[in-house]
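Where a number appears in this text, it was derived from the coordinates with a stated rule and is not lab data. Note that this is a predicted model, so its numbers are computed, not measured. Note: ideal-geometry Cβ built from the backbone for every residue, glycine included; neighbour counts use all protein chains shown.
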Amino acid sequence: MSSEALNAALAALKTVYSLENISQSARQQAQDVCELFKNSPQAHVHGVNLVNKESGYSDIERHFGLLILEHTIKYKWGWKGQKAPLSPNHLDEGAQTQLRDRIMDLMMSGLREDGTEAKFVEEKMVSLVVSVIVRMWPGPVWENLNTQLVALYNTSSAKRRLALLIFRRLGESVLFAENDPIVELRHLDLTTGLTSLLFPAEEIKEKYPQGIRINNKRRQAIKVWIEPNNEMGWFLRWAELLKQLGPSNANEKDMLELLNCISVYIGWLPVSTVKKSKIIYILSDLLGSNDNDIRIKAITCIGIVSTRPLPKKEDQLTVVEEIIDSESGYCLRALQNSYMATLKDTEDPDEAIFARHIANVLSGLSRVQLANKKSQAWIPKNFAAWTELMLNMQQDSRAGVVYCSTAFWISVYESQELSSNPVIASSMGSVMTIFTQKWLWALDTIDQINAKGEDADYPEDETSWDNVAEYKLFVESKVRDKCQQVVSLLARKDVGGMCQWLCDRLVETVNSSKDGNESLDLGLKSNPHYQNQLEIILQLIKSMALMIKSKEREALVLGDDSVLEATAMAKKHAVNVLTLVVQLHTPSVTKLINIQCQIMVSYSFILKDPENEALLNGILEKLTSYIRISPGPNSQENNGKLSTEYDTIITKALSSLVSLAESIPEELMKYYDQWLRLTDFVMSQSPNFTSLHHNMMIDFHLALAGNARLSVVDRKKLALPAIQKVMETWQGTVSSMASLGDLMSILGLPELDGMFGGAGVEALKSFFAVKDKQISQIINALTMLNVALSRTTKDATSTNSMSISEMSLVWGDVISELTSSLLHLIRLMHALWNSSSWGNQSWRSKEAQSEFRLGVLGLPFTERAQIIRDLVKNNGPSDNSSDNAGRNRYTKLINKLRSQDFSQLSVKPEEQGEFIQRSTEAVSSHISNCIMNILMMSYKCFSKLTLMPQIFHIPDFTNVFVQSMFSDIQTLPLRHMGILLSELVVPVLNNVPSDATERLVSSFLPTLFNFMQQRIKVEWDSLQARGLALTSRAELEELAMSDQSSQGETDVSDDIIQEKVVRTWTGQWARIVLMLLDTLKAIFPDPEEIKKDLEKLSSSVGIPPSETKEYTKSGLNLSLGKLLLSSAELMGGLLSSASQLVTTKDLWSVTRSLLRLGAVVPQLAIASLVFEYQSTTGGAKSINLPYLRVLDQKLAFPILGWISGDLATSLMALLQDVYFEDVYGRALTLLGDIAYYSTTFDSLGWKTLSADQTSSASHLRLGLAQTITRVTGRDSSSIEQVVRRWSLDTESKSRKAIGRLEFQDLMGVDKGQMFKTDKKILTGKGAASGATLSINYSHIHDDQNANKFTKKGDISDLFSKDSGFNLDTAIP
């Protein structure tokens, strides 16, 4: 290359880095010139010259030379195992060796040594050396690397740092690098080479006499050679240098680089090497260094050793000995002295960080090494000194130190051996005191932060938090919760003693909390610190309940009478504790009442004892007193309702009653009359009780009915009052909604029309005086119904609970009326979106009609904002089908309008128009959210009803269900349609009983398949035509942060919202298709099991009748799977829907569809081939396998046609789209499995075919090859060879690799990425724009040799689908 080209490149380089005002296009042109120069054949020669200090080039130009060399190594360098060069200008082995030597010469003499060398030049130079090392070393072409590194190391202090940096970067590349194809390819060679460099020669001979062997035992072990002149190994060389430099050495740069290098390898080297080097002893000396960076790096190295997972017990003990016991506890003393020195200035952030590192080292030893659950604990000699140091740390005022040291005590008390040690046993009292004090400190700190908010002070002595919110979270999760865990572990050691201790502490705390007041409540109210003290005691009392039950179960299992006696004594103490708890009276401290209620429920197991009846009475009196709480007038809020604090108390008390009804129903039944009176009291119109309280009271009654030991008749009687309350409320609600017009009126649409039509204030007044209350009544009635249905269809877990079917009988004859009325409401709600159903609804204003259609029935602002937030958080389909709209931005205004006295409405005339406009917007948004709530609650209630088998046998249920669900489905928005699929269709398909499956499923599923396939094509074609919008997370974040003030931003947002809705809707439909595929999979065993059964069948012995049992899996509706396998219409719709999902641009749906298809298609292929064999041979063999006989023989031919035609077409189309790179492997695996399992029949000896006949399996493979040939345009013979290799390879991974090698250019993936492990992407991500992908069903060939399975035409023809069967004719 001429010097002119070099000069032009250097001139362009100046343009790129110029500080002058140069246009972007000019800079880009200059950048292109530089890139072109880097790609030239002899660029690396100039690169070497540019880098050399003797050439006199500037640092920027020298760095450009390094970039040239980097480009050469990355793109022009081959390595062992590479089948093709990465560039036409690649370097042969001789050129590689020559360039390597030039680079090493540059490292040795081409850099400045006077301290003026640019840091970025040194770093890039080291990077080049490491890149060459991982490509060429170890091996015969580079046997003198160690000699070169020694020479560099011994040249000067600056060169020694470069040698250390080379070792550090090499270790990071080999030991920690991920997704580097070169390192992955040569990982074993490189780790072997590092072993030869770092290990002492004697240790290599001892540890690896036969060489290093990888897990694959068939591969020959690689011998570890001993580098010449390296008998001691580099790690021991570093340890000696570290000792020479010492803590007082002024050469900070050398010390830090040495420590950085050691930190890379110290966690990888054998523990024996670490011990031999005495590195821990040397690092301990450095803890006293005056340089903070050095001591932090030293303690970090020790921390790596202390927390290193080690499988061998002897290595664990060696680590503990090195840090705790070696050299008469030298390291432990150094740690102790260093920690004590940090206490001189606890406000110094450097000291706080150093102290936290020390605590982490010492706690890591116990957590990882001593208390390792896989091996028995061992007590070190200096355990007492270690324990004393950890106790001192626990009293530290720095939260980070406390948290790290707490891990020590948790690991100790979780270990039976360590906790029973006398040293630990003698310190239990001190530990209890310290941790309860620290727990109390955490609670006080949280209170202070809550009181001051963002203005609260927090320590800035550590790097764990950036603001007060992060600090609060740290105190809550890392201090308070961990301290509570330690105290609870301590309590387990002596449950009885702990109960007595708690009794004493509770009395003591109550007395001190009064603080001179007559009542405890007044004392607590005046001093939050006392509240926290009492909270700790109550929390411990609550946790003791679980401990007592756990100990009792353990004693019963082991038959340990002494433990049983101890737990019996603990129960007696618990009665005393619980009695004291019940006597507490703290109405002004809600959080203590919450814990008090939790305690009373937690100890329900002792309330079953008749001796404790008085205690039970006291608990019930306490709970009912909270329910009947009578606060003073100041406790009422402005709207006359009870304040939030008292509402919480009532809610907690009712919740506790429900829990007691579940745990001790027999004991509560004694007070049944009182519960009836309490129910009447709660269900009254008192403003003290909300709809939530009413629902909890209903739940309490049904919990009693469900858990008490009763006959069916008595159970129905017991549940009757609750059911009557529910039905009365429900009937009173639905009776007013006979027509769509009634519903529209109740929803307040006439009032909304009035607001737009000029009757603003009057319309507002009418809406909030009447309609808002009616809407609330509907929602409350649905909520109450949902609570009752949830309880009566709940899968009981307790031993005294009945089955779902028995509990559902409490509904009696009302179930038919309930089902009918609920479906009626759902149909009315769906009709809202069908304008042709609005009937005589008259509109005053076109604006009101538009607002109803686009605003009320459209996507609300709040839900729109929520979708954008979800996209930014995780750009994929949400599992939450309801897409919770989040907080309504009009909530405050709505609440204000609800409490407004419109007769005294005072709005200035000039502001009245703005007030009406904003109020109208609020009402519109409010109605929209209410419609969504009503629809969702209706769906949830009906899904609960599907758990009752009797509803499917209600006369005309099928017709009513189909009309209610699907009569207006074409006008429903996609988001509502998706919710319908998830919340209604899925429960029906899951729960329909076998005797109703065919009647119900056949009435709607074929039509639903047809409709959804058409709609998915329309929606995705529309998206593709506009260009997919979800391209990057950065764009989404920018959108979410924008105020969407301009029209352009709104348009982009609309595209994103619509795409998100389409993706979510597609995912919801995919869940139904996947569930149906699962029902097919549940009928068949794995392909290998079928293969074994067929091999037995082909033998002379056959399969005995005793071994031909039907194969099923629980948890799925198997009757549905059997129906699918017997219906051409249903099977055709399912398979065509599945193959369509594979080609949508929704990665979530594609990935899961491939997973399910991969789990069922091989079985379907085998079953179909069996029946094709029978039809071809005239049934020469009797197939007495029940799971194969489930498939209708008429479906065998079209299924095989779908596999070799439509499915193969979809899979190959997927492989041609780079967007699906992450699932290429799954598609190739499925194709390979189809080819492989078809050979089952070629090797079983079944053939009675004549010489001119071809097996069905051969036809399948031929059709597969022809489809792939047609889609790819490849040579047919090469594709047939690929299919043949698939069919003969027994390893699934190998079959996938064959496909990757054959179709890698088709997939457009870089060769270096070809053998990456497939990512397990199970969430959607943004799509790149591209051409529309659609299924090509017209796989008809003129070739006379075309696959016989595809000669009939498309998938519809294969399954004899009635082309006239459509949504309009099938569904009224």
*Using the C-alpha atoms of the range 687-739, what convex hull volume per residue, in cubic angstrom, is computed?*
96 Å³
*Given a cut-off of 32 Å, name the pairs among Lys1060/Lys1194; Lys76/Lys159; Lys652/Lys716 whose C-alpha atoms lie farther apart than that in the structure shown.*
Lys1060/Lys1194
*When the chain is fully extended, how far beyond the present Cα-Cα distance does Asp742 get from His585, taking 0.36 nm per residue of separation?*
51.5 nm
_Pairwise Cα inverse-distance average, inverted: Kirkwood Rh of the range 546-629 (Å)_ = 13.9 Å
_Rg(Cα) / (2.2 N^0.38 Å) computed for the range 250-292, rounded to two decimals_ = 1.23
*asked:* For the pair Met108/Glu470, report the inter-label distance in nm, with labels modelled 7 Å from Cα in the Cβ direction.
replied: 4.8 nm
*Between the range 1-64 and the range 419-492, what is the C-alpha centre distance in whole Å?*
59 Å
*For Glu508 and Asn990, calculate 0.36 nm times their separation in residues minus their Cα-Cα distance, and state this gained length in nm to one decimal.*
167.7 nm
*For the range 383-496, state the average projected area of the convex hull of the C-alpha atoms over all orientations, rounded to one decimal in nm².*
7.3 nm²
